[in-house]
Amino acid sequence: MRPPKHYKSINLSFEQVLTAIADENKPEFREIIARPFVKWAGGKRSILPDLMARMPGEYKTYFEPFLGGGALYFAVKPQAAYLSDVNFHLILTFIAVRDDVDRLITNLKIHAAKHSKEYYLTARQRLSREKDPTKVGALLIYLNKTCYNGLYRVNKKGEFNVPIGSYVSPTILDEENLRATSKALQGAEIKQHVFWQIQAKAKNFYYLDPPYHKTFDGYDSSRFGDQDHEHLAAFCRTLDKAGCFFMLSNSDNAFVRGLYQGFYIEQVQASRYVSCKGDQRGKETELIIRNYQ
(Lines give C-alpha, C1' and ligand atoms only; values in the text may rest on other atoms or scores of the structure.)
Protein backbone atom coordinates (compact mmCIF):
# COMPACT_ATOMS: atom_id res chain seq x y z
CA MET A 1 0.00 0.00 0.00
CA ARG A 2 1.39 3.42 -1.07
CA PRO A 3 1.83 6.04 1.64
CA PRO A 4 -0.54 9.01 1.26
CA LYS A 5 0.87 12.13 -0.41
CA HIS A 6 0.87 15.36 1.52
CA TYR A 7 0.51 18.73 -0.27
CA LYS A 8 1.30 22.11 1.18
CA SER A 9 -1.59 24.53 1.14
CA ILE A 10 -1.19 27.84 -0.70
CA ASN A 11 -2.67 31.10 0.49
CA LEU A 12 -4.31 32.06 -2.81
CA SER A 13 -7.91 32.56 -3.74
CA PHE A 14 -9.50 30.55 -6.55
CA GLU A 15 -9.43 33.65 -8.79
CA GLN A 16 -5.71 34.17 -8.11
CA VAL A 17 -4.96 30.55 -9.02
CA LEU A 18 -6.84 30.91 -12.31
CA THR A 19 -4.96 34.13 -13.08
CA ALA A 20 -1.61 32.43 -12.41
CA ILE A 21 -2.52 29.53 -14.74
CA ALA A 22 -3.66 31.96 -17.45
CA ASP A 23 -0.43 33.99 -17.16
CA GLU A 24 1.67 30.82 -17.45
CA ASN A 25 -0.11 29.81 -20.64
CA LYS A 26 -0.14 33.28 -22.15
CA PRO A 27 1.63 33.38 -25.55
CA GLU A 28 4.89 35.29 -25.68
CA PHE A 29 4.87 38.44 -27.80
CA ARG A 30 8.13 39.63 -29.30
CA GLU A 31 8.55 43.25 -30.28
CA ILE A 32 9.31 43.69 -33.97
CA ILE A 33 12.10 46.22 -34.51
CA ALA A 34 11.15 48.60 -37.31
CA ARG A 35 13.65 48.83 -40.14
CA PRO A 36 13.58 50.46 -43.61
CA PHE A 37 10.84 48.97 -45.80
CA VAL A 38 12.60 50.00 -49.04
CA LYS A 39 16.16 49.54 -50.23
CA TRP A 40 17.62 52.94 -51.07
CA ALA A 41 20.83 54.12 -52.72
CA GLY A 42 23.07 55.46 -49.97
CA GLY A 43 21.23 53.57 -47.23
CA LYS A 44 22.90 53.88 -43.84
CA ARG A 45 22.62 50.35 -42.48
CA SER A 46 26.38 49.72 -42.53
CA ILE A 47 27.32 52.88 -40.57
CA LEU A 48 24.36 53.06 -38.17
CA PRO A 49 26.59 52.38 -35.11
CA ASP A 50 28.91 55.23 -36.20
CA LEU A 51 25.98 57.62 -36.67
CA MET A 52 24.21 56.70 -33.45
CA ALA A 53 27.44 57.07 -31.45
CA ARG A 54 27.71 60.64 -32.77
CA MET A 55 24.16 61.79 -32.03
CA PRO A 56 23.84 64.76 -29.66
CA GLY A 57 22.95 63.84 -26.10
CA GLU A 58 19.83 66.01 -26.05
CA TYR A 59 17.84 67.79 -28.73
CA LYS A 60 14.27 68.91 -29.34
CA THR A 61 12.98 67.67 -32.72
CA TYR A 62 14.66 65.24 -35.13
CA PHE A 63 14.79 66.47 -38.76
CA GLU A 64 15.77 64.34 -41.74
CA PRO A 65 15.39 66.24 -45.05
CA PHE A 66 16.92 63.52 -47.27
CA LEU A 67 14.76 60.72 -45.91
CA GLY A 68 15.52 57.83 -48.28
CA GLY A 69 14.95 54.56 -46.40
CA GLY A 70 15.00 56.31 -43.00
CA ALA A 71 17.44 53.85 -41.38
CA LEU A 72 18.68 56.29 -38.72
CA TYR A 73 15.16 57.45 -37.87
CA PHE A 74 13.92 53.89 -37.31
CA ALA A 75 17.00 53.07 -35.22
CA VAL A 76 16.80 56.20 -33.02
CA LYS A 77 12.98 56.32 -32.64
CA PRO A 78 12.88 60.01 -31.64
CA GLN A 79 9.96 61.44 -29.67
CA ALA A 80 9.32 64.23 -32.20
CA ALA A 81 10.34 64.13 -35.86
CA TYR A 82 9.97 65.99 -39.15
CA LEU A 83 10.77 63.76 -42.13
CA SER A 84 11.01 65.08 -45.68
CA ASP A 85 12.38 64.33 -49.11
CA VAL A 86 12.17 65.79 -52.61
CA ASN A 87 11.00 62.42 -53.96
CA PHE A 88 7.21 62.64 -54.28
CA HIS A 89 6.61 58.89 -54.68
CA LEU A 90 8.77 58.09 -51.66
CA ILE A 91 6.93 60.57 -49.43
CA LEU A 92 3.52 59.25 -50.53
CA THR A 93 4.78 55.77 -49.61
CA PHE A 94 5.86 56.82 -46.12
CA ILE A 95 2.50 58.51 -45.56
CA ALA A 96 0.67 55.38 -46.75
CA VAL A 97 2.70 53.23 -44.35
CA ARG A 98 1.90 55.59 -41.50
CA ASP A 99 -1.78 56.23 -42.22
CA ASP A 100 -3.15 53.37 -44.35
CA VAL A 101 -1.02 50.29 -43.71
CA ASP A 102 -3.88 47.77 -43.96
CA ARG A 103 -4.87 48.82 -47.47
CA LEU A 104 -1.23 49.11 -48.44
CA ILE A 105 -0.67 45.49 -47.40
CA THR A 106 -3.77 44.39 -49.35
CA ASN A 107 -2.41 46.02 -52.50
CA LEU A 108 1.03 44.49 -52.00
CA LYS A 109 -0.53 41.03 -51.71
CA ILE A 110 -2.07 41.57 -55.15
CA HIS A 111 1.28 42.66 -56.61
CA ALA A 112 3.05 39.67 -55.05
CA ALA A 113 0.49 37.24 -56.48
CA LYS A 114 0.70 38.71 -59.98
CA HIS A 115 4.48 39.27 -60.13
CA SER A 116 6.04 38.54 -63.52
CA LYS A 117 8.16 40.46 -66.01
CA GLU A 118 5.06 41.60 -67.89
CA TYR A 119 3.31 42.68 -64.69
CA TYR A 120 6.45 44.53 -63.56
CA LEU A 121 6.59 46.55 -66.79
CA THR A 122 2.91 47.47 -66.40
CA ALA A 123 3.46 48.51 -62.77
CA ARG A 124 6.43 50.62 -63.84
CA GLN A 125 4.19 52.59 -66.20
CA ARG A 126 1.44 52.90 -63.59
CA LEU A 127 3.69 54.51 -60.94
CA SER A 128 3.71 57.99 -62.52
CA ARG A 129 0.02 57.81 -63.52
CA GLU A 130 -1.61 56.45 -60.36
CA LYS A 131 -3.60 59.04 -58.37
CA ASP A 132 -4.43 57.05 -55.22
CA PRO A 133 -1.60 57.73 -52.70
CA THR A 134 -1.81 54.30 -51.05
CA LYS A 135 -1.70 52.55 -54.43
CA VAL A 136 1.33 54.68 -55.33
CA GLY A 137 2.99 53.48 -52.13
CA ALA A 138 2.26 49.83 -52.90
CA LEU A 139 3.57 50.23 -56.45
CA LEU A 140 6.78 51.86 -55.24
CA ILE A 141 7.46 49.12 -52.68
CA TYR A 142 6.69 46.42 -55.26
CA LEU A 143 9.02 47.99 -57.84
CA ASN A 144 11.72 48.58 -55.23
CA LYS A 145 11.68 44.91 -54.20
CA THR A 146 11.74 43.57 -57.76
CA CYS A 147 13.81 46.04 -59.81
CA TYR A 148 17.51 45.82 -60.62
CA ASN A 149 19.65 46.41 -57.51
CA GLY A 150 16.75 48.07 -55.66
CA LEU A 151 17.35 51.36 -57.48
CA TYR A 152 15.08 54.35 -57.86
CA ARG A 153 15.82 56.06 -61.16
CA VAL A 154 13.65 58.21 -63.38
CA ASN A 155 13.99 59.79 -66.80
CA LYS A 156 13.58 63.49 -67.60
CA LYS A 157 9.81 63.02 -67.70
CA GLY A 158 9.84 61.69 -64.15
CA GLU A 159 9.02 58.13 -65.25
CA PHE A 160 10.51 55.19 -63.35
CA ASN A 161 12.80 53.35 -65.78
CA VAL A 162 14.80 50.75 -63.83
CA PRO A 163 14.73 47.28 -65.47
CA ILE A 164 13.46 44.23 -63.59
CA GLY A 165 15.95 42.42 -61.35
CA SER A 166 16.99 38.79 -61.62
CA TYR A 167 15.60 37.68 -58.25
CA VAL A 168 14.17 34.15 -58.17
CA SER A 169 11.61 34.80 -55.42
CA PRO A 170 11.82 38.39 -54.11
CA THR A 171 10.25 39.26 -50.75
CA ILE A 172 7.65 41.74 -51.92
CA LEU A 173 5.61 41.87 -48.72
CA ASP A 174 7.04 41.90 -45.20
CA GLU A 175 3.82 42.47 -43.27
CA GLU A 176 5.42 42.36 -39.82
CA ASN A 177 7.92 45.07 -40.68
CA LEU A 178 5.34 47.26 -42.41
CA ARG A 179 3.18 47.20 -39.29
CA ALA A 180 6.21 47.92 -37.12
CA THR A 181 7.25 50.87 -39.29
CA SER A 182 3.67 52.16 -39.35
CA LYS A 183 3.71 52.19 -35.56
CA ALA A 184 7.14 53.87 -35.52
CA LEU A 185 5.94 56.64 -37.86
CA GLN A 186 2.93 57.60 -35.77
CA GLY A 187 3.39 61.19 -34.64
CA ALA A 188 6.09 61.97 -37.24
CA GLU A 189 5.36 64.82 -39.62
CA ILE A 190 6.09 63.77 -43.23
CA LYS A 191 6.38 66.31 -46.07
CA GLN A 192 7.64 66.54 -49.65
CA HIS A 193 9.95 69.48 -50.41
CA VAL A 194 13.59 70.45 -50.89
CA PHE A 195 16.00 70.61 -47.95
CA TRP A 196 16.37 74.39 -47.81
CA GLN A 197 12.66 74.88 -47.09
CA ILE A 198 13.16 73.51 -43.58
CA GLN A 199 13.27 76.08 -40.78
CA ALA A 200 16.38 76.33 -38.63
CA LYS A 201 15.44 76.31 -34.94
CA ALA A 202 17.84 76.19 -32.02
CA LYS A 203 18.39 72.85 -30.23
CA ASN A 204 16.81 70.80 -33.04
CA PHE A 205 18.85 68.00 -34.62
CA TYR A 206 19.25 67.74 -38.40
CA TYR A 207 20.61 64.62 -40.06
CA LEU A 208 21.54 65.37 -43.66
CA ASP A 209 22.18 62.47 -46.03
CA PRO A 210 22.22 63.97 -49.56
CA PRO A 211 22.97 62.14 -52.81
CA TYR A 212 26.72 61.71 -52.42
CA HIS A 213 29.05 63.91 -54.41
CA LYS A 214 30.11 62.29 -57.71
CA THR A 215 28.01 59.17 -57.18
CA PHE A 216 24.59 58.03 -58.44
CA ASP A 217 22.11 60.87 -57.87
CA GLY A 218 19.04 60.01 -59.97
CA TYR A 219 16.52 60.08 -57.12
CA ASP A 220 14.13 62.24 -59.09
CA SER A 221 14.03 63.99 -62.48
CA SER A 222 16.38 66.70 -61.20
CA ARG A 223 20.04 66.05 -60.31
CA PHE A 224 22.14 66.93 -57.28
CA GLY A 225 25.29 68.58 -58.62
CA ASP A 226 28.12 70.73 -57.32
CA GLN A 227 25.94 73.82 -56.90
CA ASP A 228 23.44 71.82 -54.84
CA HIS A 229 26.23 70.61 -52.57
CA GLU A 230 27.43 74.20 -52.17
CA HIS A 231 23.87 75.26 -51.34
CA LEU A 232 23.64 72.45 -48.78
CA ALA A 233 26.92 73.51 -47.14
CA ALA A 234 25.58 77.08 -46.86
CA PHE A 235 22.38 75.67 -45.31
CA CYS A 236 24.49 73.80 -42.74
CA ARG A 237 26.22 77.05 -41.81
CA THR A 238 22.78 78.61 -41.35
CA LEU A 239 21.86 75.74 -39.03
CA ASP A 240 25.07 76.23 -37.10
CA LYS A 241 24.48 79.99 -36.63
CA ALA A 242 20.91 79.29 -35.46
CA GLY A 243 22.15 77.06 -32.64
CA CYS A 244 21.06 73.78 -34.25
CA PHE A 245 22.88 70.45 -34.19
CA PHE A 246 23.66 68.97 -37.59
CA MET A 247 25.29 65.76 -38.74
CA LEU A 248 25.93 65.13 -42.43
CA SER A 249 27.13 62.13 -44.45
CA ASN A 250 28.91 62.49 -47.79
CA SER A 251 31.69 61.24 -50.06
CA ASP A 252 35.28 61.51 -48.88
CA ASN A 253 36.91 63.85 -51.37
CA ALA A 254 38.62 67.23 -51.48
CA PHE A 255 35.53 69.05 -52.77
CA VAL A 256 33.35 67.95 -49.84
CA ARG A 257 36.11 68.52 -47.28
CA GLY A 258 36.57 72.05 -48.61
CA LEU A 259 32.86 72.86 -48.32
CA TYR A 260 32.79 71.93 -44.61
CA GLN A 261 36.12 73.34 -43.52
CA GLY A 262 35.88 74.45 -39.89
CA PHE A 263 33.47 71.68 -38.82
CA TYR A 264 34.35 68.30 -37.30
CA ILE A 265 35.13 65.90 -40.16
CA GLU A 266 35.64 62.16 -39.57
CA GLN A 267 36.26 59.18 -41.86
CA VAL A 268 34.26 55.96 -41.52
CA GLN A 269 34.23 52.70 -43.47
CA ALA A 270 30.92 51.95 -45.17
CA SER A 271 29.49 49.12 -47.25
CA ARG A 272 27.57 50.10 -50.36
CA TYR A 273 24.61 47.75 -50.90
CA VAL A 274 22.76 49.65 -53.64
CA SER A 275 24.54 51.07 -56.66
CA CYS A 276 23.72 51.74 -60.28
CA LYS A 277 26.62 49.40 -61.12
CA GLY A 278 26.85 46.02 -59.47
CA ASP A 279 30.67 46.07 -59.45
CA GLN A 280 30.66 49.31 -57.41
CA ARG A 281 29.12 47.67 -54.36
CA GLY A 282 31.58 47.06 -51.52
CA LYS A 283 33.63 48.82 -48.83
CA GLU A 284 34.52 52.48 -49.19
CA THR A 285 35.48 55.46 -47.04
CA GLU A 286 32.97 58.24 -46.45
CA LEU A 287 32.67 61.26 -44.18
CA ILE A 288 30.59 62.16 -41.14
CA ILE A 289 30.56 65.91 -40.59
CA ARG A 290 29.19 67.67 -37.47
CA ASN A 291 29.05 71.10 -35.86
CA TYR A 292 29.30 69.62 -32.36
CA GLN A 293 31.38 67.00 -30.52
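Got a sec? Which strands (runs of 3 or more DSSP E) wholly within region 191-272 have at least 1 residues that are within 30 Å of GLU159 (Cβ to Cβ), of a type in the set (A, V, I, L, M, F, W, C) and within 21 Å of the chain's Cα centre (by Cα)? Answer list for region 191-272: 205-208. Which of the numbered conditions does LEU143 fail, given that it passes all the others? Conditions: (1) more than 21 Å from ILE95 (Cβ to Cβ); (2) in contact with a Leu (Cβ under 8 Å, 6 or more places away or on another chain); (3) not charged (D, E, K, R). LEU143 satisfies every listed condition except (1). Candidates PHE37, PHE63, PHE88: the one that is out of contact with any strand residue (DSSP E or B) (no Cβ under 8 Å at 6 or more places or on another chain) and either buried (at least 20 other Cβ atoms within 10 Å of the Cβ) or closer than 25 Å to TRP196 by Cβ (or both) is PHE37. Checking region 199-214 against the condition returns a match, with at least one residue being free of Cβ contacts under 8 Å to residues at least 12 places away in the same chain, out of contact with any Ser or Thr (no Cβ under 6 Å at 6 or more places or on another chain) and under 24 Å from ARG54 (Cβ atoms). Of the helices (runs of 4 or more DSSP H) entirely within region 30-114, those holding at least 1 residues that are more than 13 Å from the chain's Cα centre (by Cα) occupy 48-53, 88-99, 101-114. Taking the criterion of being among the basic types (Lys, Arg) and either modelled with pLDDT under 95 or in a loop (DSSP other than H, G, I, E, B) (or both), the residues of region 115-153 that qualify are ARG129, LYS131, ARG153. Search region 273-293 for residues being modelled with pLDDT under 95 and assigned to a loop (DSSP other than H, G, I, E, B), and hand back the single one that is farthest from LYS203 (Cα to Cα). Out of the qualifying residues, it is LYS277.
Entry remark, region 115-139: residues being hydrophobic (A, V, I, L, M, F, W, C), buried (at least 19 other Cβ atoms within 10 Å of the Cβ) and under 22 Å from the mean Cα position of the chain (by Cα) number 3 in total. If you filter region 171-190 down to residues that are part of a loop (DSSP other than H, G, I, E, B) and at pLDDT 95 or above, you find that the one that is nearest to GLU64 (Cα to Cα) is ALA188. Filtering TYR142, TYR82 for residues that are touching a His at 6+ places or on another chain (Cβ under 6 Å) and surrounded by 18 or more Cβ atoms within 10 Å (Cβ to Cβ) leaves a single hit, TYR142.
Restricting attention to region 163-177, report how many residues are in contact with a helix residue (DSSP H, G or I) (Cβ under 6 Å, 6 or more places away or on another chain) and in contact (Cβ under 8 Å) with a residue 24 or more places away in the chain.
Looking only at region 163-177, we keep the residues that are in contact with a helix residue (DSSP H, G or I) (Cβ under 6 Å, 6 or more places away or on another chain), and these are 163-165, 170, 172-173, 175.
If we keep only those that are in contact (Cβ under 8 Å) with a residue 24 or more places away in the chain too, we end up with 164, 170, 172-173, 175.
Final tally of qualifying residues: 5.
The values are calculated or read from the model by the stated rules, or taken from the named source; none is laboratory data. Every value quoted in this text rests on a predicted model; they were computed, and no experiment measured them. Counting neighbours? That spans all protein chains shown, and the Cβs are built from the backbone with ideal geometry, glycine included.
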